[in-house]
Amino acid sequence: MLELQNINHLALIGSLLQQMCVYLVIAYMLSKTPLFAPLMQVTVRLPDKLVCYLVFSAFCIMGTYLGFQIEGAIANTRAIGAVLGGILGGPVVGLAVGLTGGLHRYSLGGYTDTACAVSTTVEGLIGGYLHLFLLKRHRADRLLSPLIALGATLFAEISQMAIILLLARPFDDATRLVAHIALPMIVTNSVGAALFMRLILDRRETLEKYSIAFSAKALRIAERSVGVLLQGFNEHNCTRLAQIVREETGVGAVAITDCEKLLGFVGIGADHHLPGTPISSPHTFYAIAHNEVVYADGATIAYQCSVSKDCKLGSSLVIPLRGEGNRVFGTIKLYEPKSKFFSSLNRTLGEGIARLLSNQVLAGTIEEQKRLLVQAEIKLLQAQINPHFLFNALNTLAAIIRRDPEAARSIVQYLSTFFRKSLKRVSDESTLKDEIEHVDAYLRIELARFAGRLDVEFAVADDLLHLRLPTFSLQPIVENAIKYGISQMLEPGKITISAERQGDGLTIVIEDSAGLYKPKPDGDGLGMNLVDRRIKIRYGAAYGIDVTCQPERWTRVTIRVPVEEELVAC
Amino acid sequence: MLSALIIDDEAPSREELKALLATAPDVEIVGECSNAVEGLSAIHRLRPDVVFLDIQMPRVSGLEMVSMIEPSALPHIVFVTAYDEHALKAFEEHAADYLLKPIDPQRLEKTLDWLRAGKRPAATAFPGADSPLRQIPCITRNRIVLIALEDVEYVNTDVCGVQVVAMNKQGVTELTLKILQERTALVHCHRQYLINLAQIAEIELLDNGAAEIVTQSGKRVPVSRRYLREIKDKLLIS
């Protein structure tokens, strides 16, 4: 026990500051634990409040124990816990922390026990009131301000001294005590509270920086990998993707597998982890079978490469890739070498990447299905038009054979050209020349069939003939013009096909002189809708088909596609 | 002798059928038409024994044409089509006579044999024979016009034939008042007049118990006492 005469203020401040250092070191270590998370933001959740109460009550009690006795009183840093508990947790938490700390102090006895118990409770309330005040002023951001913590604790400590003077008896002892400990305790507690708050703030900033870096990393991977898997979940694309993920995460190696074999591997150990080989790692089997993330960190869960004993890889994180209906269709694996001391494998980032890849594969599947659907529809279209056209053509042919075998011969030629072009073209794109030849063969037959009722005019410049457009774009439109236009006219009619280049677009106009176009919701207009959809899927909404009609005069169908200049060998 | 009429919009098609029929010594081709409207008038004018009728024709299909003819005036109809799944199904159901293009000469001979034997199906057996009309084919100034039924204000008979009057066009049709009354929503307002109720603007009651209808475009149509009651009932006027 120190004799009052022997202590001077500076020495007391020094001792108390030392004591606070221990206090703050403990606080620092605690800040590394998840216990600190609820303290870093204003929350109304009961569990968070409870954590807040427990942590600060502990600090309060610790402040008492770390203090030292002066004539039956204790010079201490208890106030920090009470005030900060109030500021961060609100009046209820403040009161609870103050009361807990106060009752604990009371249990230790001494002539200031009652005064200390009351004052600690009041200190908690002061913090709590400040909390309310700032929230009401919509200044919740100031709750974590070290300066405010300093001010609040300063005020709280002054109040404590006043309460000691009021309640502690004998009054003379109390006066003497206050005279000695007031300054050291006010200074130490205020500074301590500010430093404590700074600690919380620092911790928060670190976390924010970490999560910003984390998001940036994820975003960069997302950006670089866009479209890679759209073309299919295969070895080539998976290797490219593994490369991107490795560059961005900086892990030792990255592997992507489907459910049976390795599709892509980049990084350490690439010499024996060969794409195309079957999966052999038990962790991967487990991840696929149980649809679970497996983290073999090399310490708690052992990791040994299943391919080669000399493999330098020492830990692995296996995350399943999930497709439709959450079904596993593969895995992505991140590895670190044995030599690396601090692993940068991060489960959350890994899961994020896996989700990203899964979505891309899903999008690719949908794209593929769309393509297949359109292809199937073209087949349907081809099958659908043929019988009607075919039998009418054959009937026309039957008549012409009788009258003019030579003309019939050329009709047969056109017919075979038409069918060859409609049936055999498998490529997705063809030149305008191809399309026009297709239409020409078709129209030659229709000219014979409608004998005198149909007139055809082509106005397409030769220098446009090499331009490309989706196969089978022209014929269905011309067929519509015959079927719903010319063939419904009581008088002779005309079809005009013209093409024009407008900037970076090719415009083809098919006009009939019937003017009988009526928009159909579906069904009969299948051919035109399909052509329009195919162009839009391929080139975007700015392109496609547009129909205008002047009733009883003309119908004009305009096809617009972008010009994609091909490098033609000269 | 069988008199035959060919109605087909495709010239080569008519040509082929003519060539095939030419081999039958007892068939005389009395006419050929390139659309259903001309065909209608040719049927009324020529009264053929048999009509070879294409189905797909401009504006008025073969099936629609059949529904425009009074069953009593209907000759034997042989439908001719290249490919029409719906029509074929209907023909099968109604046991109607039909030929497929290109026409098989032996199949044609079978049809001619039936005709020579005097077998002809009942008129109602034709698919679509009693379906409602959508439009009325008319001739004005040597042109064929099709007047949509909803545009028709009234129809009347006079010395020139059956007049169809719409807001801004009118013409003479081959269709009879009887067919029009049966197959459309037009109603008699007078023995010689059919009125489109939707086109009535007002009804002026006259002293003698008759009335006059004023149409949407201001034309006046007589209403006889006999039909006034029915018109009032239909319009829910008591």
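Output the Cα-based Rg and Dmax of the protein assembly as shown in Å, rounding Rg to one decimal and Dmax to a whole number.
47.7, 152
Using θ = phi - 60° and the Karplus relation 6.51 cos²θ - 1.76 cosθ + 1.60, list the HN-Hα couplings for the range A:490-505 in order, rounded to whole Hz, with x at every Gly or Pro.
Result, ordered by residue: 7, 9, x, x, 9, 10, 10, 10, 10, 9, 8, 9, 10, x, 9, x Hz.
Please average, across the residues of A:398-404, the number of beta carbons from any other chain that are within 10 Å of each residue's own beta carbon, and give a whole number. Let's see the in-between values first.
Values: counts 9, 13, 3, 2, 5, 4, 0.
Other-chain Cβ atoms within 10 Å of each residue's Cβ, averaged: 5.
The range B:51-93 to the range A:292-326: how many Å between their Cα centroids?
Spelled out, the Cα-based centre of one part sits 75 Å from the other.
For B:ASP158 paired with B:ARG45, estimate the spin-label separation in nm (one decimal), with each label point 7 Å from Cα along the Cα-to-Cβ line.
So the label points at B:ASP158 and B:ARG45 sit 2.2 nm apart.
State the extension gain, in nm to one decimal, for the chain segment bounded by A:LEU394 and A:SER339, taking 0.36 nm per residue of separation less the distance between their alpha-carbons. All intermediate terms of the calculation are to be shown ahead of the outcome.
Values: separation 55, 0.36 × 55 = 19.80 nm, distance 7.99 nm.
Fully extending the segment from A:LEU394 to A:SER339 adds 11.8 nm.
7 Å from Cα along Cα→Cβ at both B:ARG134 and A:HIS466: what's the point-to-point distance in nm?
Each label point is offset 7 Å from its Cα along the Cβ direction, giving 4.8 nm.
Give the carbon-plus-sulfur fraction of the accessible surface of the protein assembly as shown in %, rounded to a whole number; probe 1.4 Å, heavy atoms of protein chains only. Before the final figure, lay out each step's value.
Numbers: 22200 of 38600 Å².
Looking at the protein assembly as shown in its full context, I get 58 percent from C and S.
Hey, can you list the residues from the range A:440-460 whose accessible area shrinks by 40 Å² or more with all protein chains present, relative to the chain by itself (probe 1.4 Å, no ligands or nucleic acids)?
Listed by number, the residues meeting the 40 Å² cut-off are A:ARG449, A:ARG453.
With angles folded into 0 to 90 degrees, how steeply does helix A:91-107 sit against the dominant principal axis of chain A? Use alpha carbons for both and round to 10.
30
Buried by at least 50 Å² relative to the chain on its own: which residues of the range B:45-73 qualify, computing accessible area with a 1.4 Å probe on protein heavy atoms?
Listed in order, they are B:PRO58, B:ARG59.
Using Cα centres only, tell me the gap between the range B:156-189 and the range A:99-170 in whole Å.
104
In percent, how large is the relative contact order of chain B, given Cα pairs closer than 8 Å and 6 or more residues apart?
Numbers: 408 pairs, mean separation 28.5, N = 238.
It comes to 12 percent, rounded to a whole number.
In what sequence, highest mean first, do B:44-52, A:546-554 appear when ranked by Cβ atoms within 10 angstrom? Don't jump to the answer; show the numbers that get you there.
Numbers: B:44-52: 18.7, A:546-554: 13.1.
The peptides rank, most packed first, as B:44-52, A:546-554.
Highest first, please rank the peptides A:290-296, A:253-259, A:60-66 by the mean number of other Cβ atoms sitting within 10 Å of their residues. All intermediate terms of the calculation are to be shown ahead of the outcome.
Working: A:290-296: 16.4, A:253-259: 23.9, A:60-66: 21.0.
Result, highest mean Cβ count within 10 Å first: A:253-259, A:60-66, A:290-296.
Round to the nearest 0.05 the FRET efficiency obtained for A:ARG501 and A:ASP271 when R0 = 45 Å and r is the Cβ-Cβ distance.
Details: r = 54 Å, r/R0 = 1.20.
The calculated FRET efficiency here is 0.25.
What's the FRET efficiency of B:ALA22 with A:ARG553 using the Cβ-Cβ distance as r and R₀ = 35 Å, to the nearest 0.05? Could the numbers behind the result be given before it?
Details: r = 41 Å, r/R0 = 1.17.
So the FRET efficiency works out to roughly 0.30.
Based on the Cβ-Cβ distance from A:VAL226 to A:ARG355, what FRET efficiency comes out when R0 is 22 Å, to the nearest 0.05?
Working: r = 14 Å, r/R0 = 0.65.
Efficiency for this residue pair is about 0.95.
Would you mind calculating the relative contact order of the range A:115-218 from Cα pairs under 8 angstrom and at least 6 residues apart, reporting the percent as a whole number? All intermediate terms of the calculation are to be shown ahead of the outcome.
Values: 78 pairs, mean separation 35.6, N = 104.
Worked out over the range A:115-218, it gives 34 percent.
Lys/Arg Cβ at +1, Asp/Glu Cβ at -1, dipole of chain B taken about the Cα centre: which of B:LEU149, B:VAL80, B:PRO48 is farthest positive-ward?
B:LEU149
Starting from the Cα of B:ASN208, step 7 Å along the direction of its Cβ; do the same at A:CYS21; then give the gap between the two resulting points in nm.
It works out to 13.0 nm between the two label points.
Express in % the proportion of alpha carbon pairs of the range B:2-117 at distances exceeding 26 Å.
Details: 629 of 6670 pairs.
Value for the range B:2-117: 9 percent of Cα pairs lie more than 26 Å apart.
When ligands, DNA and RNA are left out and all protein chains stay put, how many square angstrom of accessible area per residue does the range B:2-117 have with a 1.4 Å probe? Intermediate values should be presented prior to the final figure.
On the way: 4400 Å² over 116 residues.
Heavy-atom accessible area per residue stands at 38 Å².
Note down the magnitude of the dipole of the range B:2-117 about its Cα centre, charges +1 on Lys and Arg C-beta and -1 on Asp and Glu C-beta and zero elsewhere, to the nearest 20 debye. Walk me through the numbers before you get to the answer.
Numbers: 10 positive and 21 negative charges, 41 e Å.
Taking the Cα centre of the range B:2-117 as origin, the dipole is about 200 debye.
Using only atoms on other chains, find how many Cβ atoms lie within 10 Å of each Cβ of peptide A:534-546 and report the average. Mind showing how you got there, number by number?
On the way: counts 0, 0, 0, 0, 0, 0, 0, 0, 0, 0, 0, 0, 0.
For this peptide, the per-residue mean of nearby foreign Cβ atoms is 0.
Just the Kirkwood number for the range B:148-234, please: inverse of mean 1/r across all distinct Cα pairs, in Å, one decimal.
On the way: mean 1/r = 0.0775 Å⁻¹.
Final number for the Kirkwood radius of the range B:148-234 is 12.9 Å.
Taking a cut-off of 21 Å between Cα atoms, list the lysines near A:LYS32, but don't count ones fewer than 8 places away on the same chain.
A:LYS49, A:LYS209
Any lysines with Cα under 27 Å of the B:LYS110 Cα? List them, leaving off those in the same chain fewer than 8 positions away.
Partners within reach: B:LYS18, B:LYS89, B:LYS101, B:LYS119.
Would you look at the GNM of chain B, springs on alpha carbons closer than 10 Å, and say which of B:ASP207, B:ASP158, B:ASP54 moves the most?
B:ASP207
Let me have the 222 nm mean residue ellipticity of the protein assembly as shown computed from DSSP H runs of 4+ only, each contributing -39500 (n - 2.57), with the sum over all residues rounded to the nearest 500.
Numbers: 21 runs with 379 residues, N = 808.
Helix-only estimate at 222 nm: -16000 deg cm²/dmol.
What total accessible surface area, summed over both chains, is buried at the interface between chains B and A, computed with a 1.4 Å probe and given in Å² to the nearest 100?
Numbers: alone 12260 and 28310 Å², together 38600 Å².
For B against A, buried area totals roughly 2000 Å².
With +1 on the Cβ of every Lys and Arg and -1 on the Cβ of every Asp and Glu, and nothing else charged, how large is the dipole of chain A about its Cα centre, in debye rounded to the nearest 20? It would help to have the intermediate numbers written out before the result.
Values: 57 positive and 55 negative charges, 163 e Å.
In total the dipole reaches around 780 debye.
Output needed: percent of Cα pairs per 10 Å distance bin for the range A:128-201, bins running from 0 to the one holding the longest distance.
Taking all Cα pairs of the range A:128-201, the binned fractions are 20, 39, 26, 14, 2 percent.
Residues with beta-carbon under 15 Å from that of A:LEU183, excluding A:LEU183: net charge, scoring Lys, Arg +1 and Asp, Glu -1? Each step should come with its number before you reach the end.
Numbers: positive: A:ARG176; negative: A:GLU157.
Counting the neighbours of A:LEU183, the net charge comes to 0.
The values are calculated or read from the model by the stated rules, or taken from the named source; none is laboratory data. From a predicted model like this one, the values you see are computed outputs, not experimental measurements. Neighbour counts run over all protein chains shown; Cβ positions are idealised from the backbone, glycine included. Areas reflect the complete protein model, heavy atoms only, side chains present, ligands, DNA and RNA absent. Shrake-Rupley method; radii C 1.70, N 1.55, O 1.52, S 1.80 Å.
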